[in-house]
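The values are calculated or read from the model by the stated rules, or taken from the named source; none is laboratory data. Remember, predicted model here, so these are calculated numbers, not experimental data. Backbone-built Cβ (ideal geometry, glycine too); neighbour counts: all protein chains shown. These accessible areas exclude ligands, DNA and RNA; they are computed on the full protein's heavy atoms, side chains included. Shrake-Rupley method; radii C 1.70, N 1.55, O 1.52, S 1.80 Å.
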Amino acid sequence: MNLARFLILDTVLILLTLIIYINFKDNEHKLATDFNVNAETLPSLEDILEMENLAKKNGSGIEIDSLLGHWQFVSVWKQNADKEDKLSSSLLRLFSASLDLRKLTSDKDFPTLSLSNTIEFGPLLIRFLGLGGIRGKQPLLPFFFERIELKLGKLVLINRLLNEPDEKDMPFFSLIAKSNKDGWLVARGRGGGIALWLMSNK
């Protein structure tokens, strides 16, 4: 690698590090700025685990119509962790990670929802498009992705179909709780991690 390329790469890495560091250190301020929310209105991990235990016993009461809309990613906790994974949370907020849920007009039991999982960075957008639905008392939200899109502005770089997994291999979210008042949704993924989203007007 020549010196010019090395300096360019070094500069890019430094800039990325600064962006991540600033985002990481200014976590609560960014919550207030990006989502117009007081961080104190969001549930703590202790609250979430308590709600999860209640949901397992009595159900969460979450119904399909209450899930519809655009959900902006806020926080993540790894499996068995006692603290928020602030680096991952900050990165996903930096990349505007979001989940969009729409109801399908179909008489089928499954799928009943269309899903769009998106991350953005400037003009670059990666979107996974798929289908899902809710099942059971807690309930679960199993889903699968049919297609991936990669766009630079309006230019489509990749538009590729994905293989549908067997039902037993589908990813899912175990829906823990939802607040209509404060506009948040919390769920545990198949891998054991917990995610928190806020409803967005986007």
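Screening G192 against (1) under 23 Å from S88 (Cα atoms); (2) open to solvent by less than 50 Å² (accessible area, probe 1.4 Å); (3) touching a helix residue (DSSP H, G or I) at 6+ places or on another chain (Cβ under 9 Å) leaves a single unmet condition, (3). Among all residues of the range 101-115, there is none that is touching a helix residue (DSSP H, G or I) at 6+ places or on another chain (Cβ under 9 Å), among the aliphatic types (A, V, I, L, M) and part of a loop (DSSP other than H, G, I, E, B). Selection over the range 138-157 of residues that are open to solvent by 60 Å² or more (accessible area, probe 1.4 Å) and either closer than 23 Å to H70 by Cβ or in contact with a Ser or Thr (Cβ under 8 Å, 6 or more places away or on another chain) (or both) gives a count of 6.
Looking only at residues of the range 162-189 that are of a type in the set (A, V, I, L, M) and either within 20 Å of K56 (Cα to Cα) or open to solvent by 50 Å² or more (accessible area, probe 1.4 Å) (or both), we find that the one that is modelled with the lowest pLDDT is L162.
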